[in-house]
Amino acid sequence: MSKYSEILAKQREFFDTGQTLDPFFRKKQLQLLKRAIKQNEQAINEALRLDLNKAPLEAYTTEVGFILQELGYMINSVLRLAAPKMVLSPLIHFPSSTMVYNEPYGSVLIIAPWNYPLQLAFAPLIGAIAAGNCAVIKTSQYAPNCSKIIAKIISETYDPAYITVVEGEPGASEAILEEKFDYIFFTGSVEVGKSVMAAAAKNLTPVTLELGGKSPCIVTENANIKLAAKRIVWGKFLNSGQTCIAPDYILVSEKIKDELITQLKRFIEKQYTSDPLTYADYPKIVNERHFNRLLRLIEGEKIISGGKSDRDKLKIEPTLLDEPAADSPVMSEEIFGPILPIISFDTIENAAKYIKKRPKPLALYVFSECKDDQKYFVKNVSFGGGTINDTIIHISTSAAGFGGVGDSGMGKYHGKASFETFSHSKTVMKKGNWLDFPYRYHPFSDFNLKVVKFFMH
């Protein structure tokens with residue numbers, strides 16, 4: 001028996017004790033996690049600095065604070081979400097009552113990425129706990145310090161038969177996916193997501209896939225250009241562009257393109273200084289392989305601003321590219337770095353056509369003061385989620401789910417959506433015995449049919 005088989009076997013034993021079925025047990029476990037996150041905040045900050053050079057403010061807004069916000073919602077909501085719900089029964093089945101019960105799947109596998117290593121491990125875990133599951137978290141080998149702090153928090157807080165961590169190491173993902181988990185939650189690239197889904201299909205294991213893609217940012221002639229530039233720079237270069245919902249490219253009205261570029265340059269310098277490579281709080285690229293890939297994307301392109309790099313520090317300047325070809329590598333691959341192509345359009349209809357020629361994006365951003373323009377893109381372009389007149393922030397609310405569509409993913413999480421993702425909704429109808437509808441039984445007649453039609457209409 002492999003170590004992963006042993007882990008899963010112990011979790012099944014724990015799950016079979018029935019402890020996780022108690023909503024009050026789940027609430028207590030969420031409270032324990034909240035306390036552990038707060039107690040380890042300094043260690044989390046240190047790990048994020050070592051792995052990605054994240055500053056404390058960025059670490060809090062995108063990792064610690066995000067997790068605490070999600071925990072707060074779920075702690076306050078878990079008892080309500082877990083309670084059985086009565087729904088209306090069809091008149092033809094009178095007398096009857098119908099209840100919907102949310103039950104946990106069992107043991108779930110959470111495969112977390114390296115770019116937001118804490119947030120993207122703990123956010124789905126919160127949903128898994130709230131729904132009453134046991135869980136195995138597989139961390140990324142590319143964020144080793146964060147992996148260690150995740151393992152420390154989990155091992156000091158929970159029985160490993162309930163929740164445990166498998167730290168990132170070469171081949172670990174492939175090996176653990178051979179096991180028959182009851183649910184798999186994966187965050188990562190499209191290509192790896194396909195492999196995860198293929199592995200899950202062998203066991204008919206349900207999955208949630210949080211992937212990526214090329215998320216467009218549209219700036220119309222009616223936009224507040226100065227504010228748009230400021231918010232685009234913030235959202236794009238957060239975590240040095242290593243964000244699945246970062247703006248991947250800008251589509252800008254040809255009437256305001258030059259002005260937008262001027263403002264983008266201005267806010268890059270304002271936020272990251274005139275020399276971003278020496279700015280202490282500018283995040284680094286996660287590893288040399290990724291660093292080299294990003295440099296290859298720049299090759300042969302017209303650089304408007306930036307383009308310099310520091311291999312020793314694994315940093316690349318915020319870089320603006322002018323009108324790359326639609327079939328160029330930088331427009332064919334998800335960038336996942338501090339490179340921002342800028343492409344002009346003449347009409348919003350043509351901008352939408354440009355987007356729709358590509359796989360459905362995980363996110364879409366529209367900067368415009370015109371409500372008709374805003375509505376046009378929301379109505380006519382399919383995307384996972386988005387923001388009007390800002391970037392990134394739609395992911396921050398626990399009141400609404402987050403997820404992709406098409407190549408950008410399947411399934412949702414955050415808040416109520418997380419609870420629903422990690423729960424099986426079980427419908428139970430209870431039929432009364434004091435009245436029995438006679439017309440459904442053989443022998444059938446035309447009169448039986450008329451009566452049935454009346455009650456089912």
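The values are calculated or read from the model by the stated rules, or taken from the named source; none is laboratory data. Since this is a predicted model, take the numbers as computed values, not measurements. Virtual Cβ from ideal backbone geometry, glycine too; neighbours counted across all protein chains shown.
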Search result, residues across region 210-238 that are within 30 Å of residue 108 (Cβ to Cβ) and surrounded by fewer than 24 Cβ atoms within 10 Å (Cβ to Cβ): 214, 238
When residues of region 120-166 are limited to those that are in contact with a Leu (Cβ under 8 Å, 6 or more places away or on another chain) and of a type in the set (Ser, Thr, Tyr), the one surrounded by the fewest Cβ atoms within 10 Å (Cβ to Cβ): 157
Count of residues meeting criterion [under 30 Å from residue 8 (Cβ atoms) and assigned to a loop (DSSP other than H, G, I, E, B)] in region 94-110: 2
Number of positions in region 73-93 that are touching a strand residue (DSSP E or B) at 6+ places or on another chain (Cβ under 8 Å) and not in a loop (DSSP other than H, G, I, E, B): 6
Any chance residue 425 is within 20 Å of the chain's Cα centre (by Cα) and among the polar types (S, T, N, Q): no
Filter pass, residue 220 being outside the structural domain of residue 348 (by TED's automatic domain parsing) and at pLDDT 95 or above: no
Close pairs from region 305-332: first free of Cβ contacts under 8 Å to residues at least 60 places away in the same chain and among the polar types (S, T, N, Q), partner in a strand (DSSP E or B) and crowded, with 19+ Cβ neighbours inside 10 Å, Cβ under 6 Å, at least 6 apart: 305/320; 309/316; 319/339
So residue 408, is it of a type in the set (S, T, N, Q), in contact with a Gly (Cβ under 9 Å, 6 or more places away or on another chain) and within 24 Å of residue 82 (Cα to Cα): no
Candidates 30, 50, 57 - the one that is in a helix (DSSP H, G or I) and either closer than 30 Å to residue 106 by Cα or polar (S, T, N, Q) (or both): 30
Lone unmet requirement of (1) of a type in the set (A, V, I, L, M, F, W, C); (2) free of Cβ contacts under 8 Å to residues at least 12 places away in the same chain; (3) crowded, with 21+ Cβ neighbours inside 10 Å for residue 52: (2)
Residue 20 being of a type in the set (Ser, Thr, Tyr) and surrounded by 18 or more Cβ atoms within 10 Å (Cβ to Cβ): yes
Test set (1) closer than 13 Å to residue 117 by Cβ; (2) surrounded by fewer than 16 Cβ atoms within 10 Å (Cβ to Cβ) - residue 62 fails condition number: (2)
Counted residues, region 140-168 - those being in a loop (DSSP other than H, G, I, E, B) and either in contact with a strand residue (DSSP E or B) (Cβ under 6 Å, 6 or more places away or on another chain) or not assigned by TED's automatic domain parsing to the domain that holds residue 43 (or both): 1
Residues located in region 94-119, provided they are surrounded by fewer than 16 Cβ atoms within 10 Å (Cβ to Cβ) and out of contact with any Leu (no Cβ under 9 Å at 6 or more places or on another chain): 96, 97, 99, 100, 101
Enumeration of residues in region 7-18 that are without any contact (Cβ under 8 Å) to a residue 40 or more places away in the chain and part of a helix (DSSP H, G or I): 9, 16
Test: residue in region 119-135 that is without any contact (Cβ under 8 Å) to a residue 60 or more places away in the chain, closer than 23 Å to residue 239 by Cβ and part of a strand (DSSP E or B): no
Among the residues listed as 365, 441, the single one being aromatic (Phe, Trp, Tyr) and in the same structural domain as residue 314 (by TED's automatic domain parsing): 365
Complete set of residues in region 418-457 that are of a type in the set (A, V, I, L, M) and in contact (Cβ under 8 Å) with a residue 60 or more places away in the chain: 428, 429, 435, 452, 456
Matching residues in region 344-363 - criterion: being touching a residue at least 60 places away in the same chain (Cβ under 8 Å) and under 19 Å from residue 324 (Cβ atoms): 344, 345, 346, 351, 354, 355, 358, 359, 361
Subset tally (residues that are crowded, with 16+ Cβ neighbours inside 10 Å and part of a helix (DSSP H, G or I)) for region 193-208: 4
Test: residue in region 389-405 that is without any contact (Cβ under 8 Å) to a residue 60 or more places away in the chain, among the polar types (S, T, N, Q) and crowded, with 19+ Cβ neighbours inside 10 Å: no
Residues being surrounded by fewer than 23 Cβ atoms within 10 Å (Cβ to Cβ) and either on the phi > 0 side of the Ramachandran plot or in contact with a helix residue (DSSP H, G or I) (Cβ under 9 Å, 6 or more places away or on another chain) (or both) - total across region 356-367: 4
